[in-house]
Amino acid sequence: MAGVGLRAAARRYLPRRDHGGPRAASSSPSCPGCGPPGPGAHCPGAPRSAPASAPAGGAEPSAHLWARYQDMRRLVHDLLPPEVCSLLNPAAIYANNEISLRNVEVYGFDYDYTLAQYADTLHPEIFSAARDILIEHYKYPEGIRKYDYNPSFAIRGLHYDIQKSLLMKIDAFHYVQLGTAYRGLQPVPDEEVIDLYGGTQHIPLYQMSGFYGKVLAPSATAQGGQLHDLTGPSIKQFMDIFSLPEMALLSCVVDHFLGHGLEFDQAHLYKDVTDAIRDVHVKGLMYQWIERDMEKYILRGDETFAVLSRLVAHGKQLFLITNSPFSFVDKGMRHMVGADWRQLFDVVIVQADKPSFFTDRRKYGPGRGDGPRERGLASACRPVCLGWGHPLADGQAFQPTLGLSENLMRRAHCIGTVSPAWKRARSIGRKWLPGPAIGPLCAVLSSSVKEGNLFDFLRLTEWRGPRVLYFGDHLYSDLADLMLRHGWRTGAIIPELEREIRIINTEQYMHSLTWQQALTGLLERMQTYQDAESRQVLAAWMKERQELRCITKALFNAQFGSIFRTFHNPTYFSRRLVRFSDLYMASLSCLLNYRVDFTFYPRRTPLQHEAPLWMDQLCTGCMKTPFLGDMAHIR
């Protein structure tokens, strides 16, 4: 019914009227409801250098400005019917690119935060364990133990400048959003931020993190305990959900050192914190917590089972590629799906070492320093490719499992001849069932061996191009290479989306944003009044606009705002979400709301030079805000 309300509003305000009444929608995104203009934008109907026409009847310009202000306030108040505050569905799937599920034959999945959604109660556990590791193993001050995890401090997608110990939010154009820079737990004044970056908010490309959001290893950036000039990026981006406790711990440790006047090396502190967080994962602590109480930590398991079962029932092929170990994945999938969960999958690959799995053709072997023993894993056996069957204990014969297509089975029983990476599985001491392929096969590689990559996987399965749709939560490690290098379709799982949409649907947000956009349009149009009193009015409007922006930002997160927006620009995170995913959604269960042959169409979002009013916006209730008649000629 929300669309009906907006269409009624459209009929009310769109007809042309005389004497300054509301008129047809303008073609400008600089008008109220469409945000401030882009760089260098101006109004053809009102040249920059031309003064505004004098108010009618000899009224003072400032009085005229306040009259237009009051007109706009009434218009915005009357514009938004009650139904407008529930336009967006948190369980919907949103499309960046047109994609028809009818053409998708193969579905692939990551495990953590994709098939398995975790409760937020996991983050304090990770924070506390890593904090204790810093104190007990890295000999950090005991005073750090007083810090507890604050779930409302950081958001995903932030950047951390290692040299400056600065956690901040950066937009799609590499500009720091002022008011979102923190050193430790304290905000850094805008003036200081600008001074730190040479008199600008802009972060040069060479300082930004690499393609995967990573930076040079701190050991390569520090000599003799002192930082030296970097030849690569020095700013890390935190992209995955597991990075939330890492950002919190990093900020708490910096806060303790600054608060007690302790000198520290920024690079080494950053490395110690990231290593402590890594130890929580590598030593299996997180796996142990989840395995001990799956009811507490794993969410929506029944919905995951429903999604997978539905896809298989419609003849889709499924595979799993995850960096997690098999024993952990197996227990989680048994909890969510059942003991026979592997019957649903044609291929299961664990400890894949993404993103290298997607890009590296080289083979890894013993002695490289990257095996389980070198990493300190509790288990000595590392299943690298668990496809087509069950993991085998030493000396146990392979037990085939039915369920693959004949063509894939024929290729699977020849797995040893596909490439050296897969062939090596025969020489590790495992027993294979001889003869023709009557079931899935299993490759289990032993200690200190890490082999296999997506290129071998593609040669074996012949799953290529847009008929494959892969879901993951990490834009870089899970999705970027699959889209850019291999042409797969991709779906991003963004759990934060559900909360953000619920905030967007609130009356407070809708009215705040609409008035903010309307006020921006007034500022753009009325800036041609340059007498002293008018400048005071415009300054008052600018102040109000900034206050509105801060209010809107705080609705999402008091420190950093929304993960998708700065004030008006997309965030760095949001731009990459659009670039690397065809679809995005809050959870995998959103697929249950759509047919398996559904076609997703992205909204035609107007470019800066295009009209904001399109038929699909009218039909779906996404119409832009109308505006006063005397603004209709802007641009």
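For the stretch 498-545, what percent of Cα pairs sit more than 14 Å apart? Intermediate results must be reported in sequence, preceding the final value.
On the way: 665 of 1128 pairs.
Beyond 14 Å sits 59 percent of the P(r) for the stretch 498-545.
How many angstrom separate the Cα center of the stretch 147-170 from the Cα center of the stretch 291-325?
What the calculation gives is 31 Å, centre to centre.
First select every other residue whose beta carbon is under 11 angstrom from the beta carbon of ALA248; then total the charges, Lys and Arg +1, Asp and Glu -1.
On the way: positive: ARG131; negative: ASP148, GLU246, ASP255.
Local net charge: -2.
Kindly sort HIS335, HIS64 by accessible area of their heavy atoms, largest first, with the probe set to 1.4 Å.
Largest accessible area first, the list is HIS335, HIS64.
All other residues with a Cβ under 9 Å from the Cβ of ILE135 taken together, and with Lys, Arg as +1 and Asp, Glu as -1, what is their net charge?
0
Stretch SER512-GLU136 to full length: gain in nm at 0.36 nm per residue minus the Cα-Cα span? It would help to have the intermediate numbers written out before the result.
Details: separation 376, 0.36 × 376 = 135.36 nm, distance 4.83 nm.
That works out to 130.5 nm of additional length.
Give the ranking of VAL176, VAL578 by solvent-accessible surface, highest area first, calculated with a 1.4 Å probe. Each step should come with its number before you reach the end.
On the way: VAL176 5, VAL578 80 Å².
In descending accessible area the options line up as VAL578, VAL176.
Could you sort HIS609, HIS202, HIS568, HIS174 by accessible area so the largest value comes first, with the probe set to 1.4 Å?
Numbers: HIS609 145, HIS202 65, HIS568 85, HIS174 25 Å².
Correct descending sequence by accessible area is HIS609, HIS568, HIS202, HIS174.
At q = 0.14, 0.16, 0.23, 0.33 Å⁻¹, what log₁₀ I(q)/I(0) does a Debye calculation on the Cα points of the stretch 460-507 give, no solvent, two decimals?
-0.46, -0.54, -0.79, -1.13
Which peptide among 311-324, 530-543 comes first, and what is the full order, when sorted by highest mean count of other Cβ atoms within 10 Å? Write out the running numbers ahead of the final one.
On the way: 311-324: 17.9, 530-543: 14.0.
Those peptides, ordered most packed to least, come out 311-324, 530-543.
With a 1.4 Å probe and every protein chain left in place, work out the accessible area per residue of the stretch 94-206 in Å², rounded to a whole number. Numbers along the way, then the final one.
Numbers: 4570 Å² over 113 residues.
Result: 40 Å² per residue.
Could you sort the peptides 600-608, 146-154, 486-494 by per-residue average Cβ neighbour count (10 Å cutoff), highest mean leading?
Numbers: 600-608: 13.1, 146-154: 14.9, 486-494: 22.9.
My ranking of the peptides, most packed first, is 486-494, 146-154, 600-608.
Would you pull out the residues with amide H under 5 Å of LEU166's amide H, same chain only if 5 or more places away, H placed 1.01 Å from N?
Sorted by chain and number, the residues that satisfy this are ASP161.
How much net charge surrounds ARG183 when only the other residues with a Cβ under 11 Å from the Cβ of ARG183 are counted, with Lys and Arg +1 and Asp and Glu -1?
Numbers: positive: LYS164; negative: ASP161, GLU192, ASP255.
Around ARG183, the charge tally is -2.
By a straight-distance test (C-alpha under 12 Å), which aspartates and glutamates pair with LYS283 as possible cross-link partners, with residues fewer than eight away in the same chain excluded?
ASP275, GLU374
The values are calculated or read from the model by the stated rules, or taken from the named source; none is laboratory data. As the structure is a prediction and not an experimental result, all values here were calculated from the model. Here the Cβ is made from the backbone with ideal geometry for all residues, glycine too, and neighbour counts use every protein chain on show. With ligands, DNA and RNA removed, areas are computed over all heavy atoms of the protein, side chains included. Shrake-Rupley method; radii C 1.70, N 1.55, O 1.52, S 1.80 Å.
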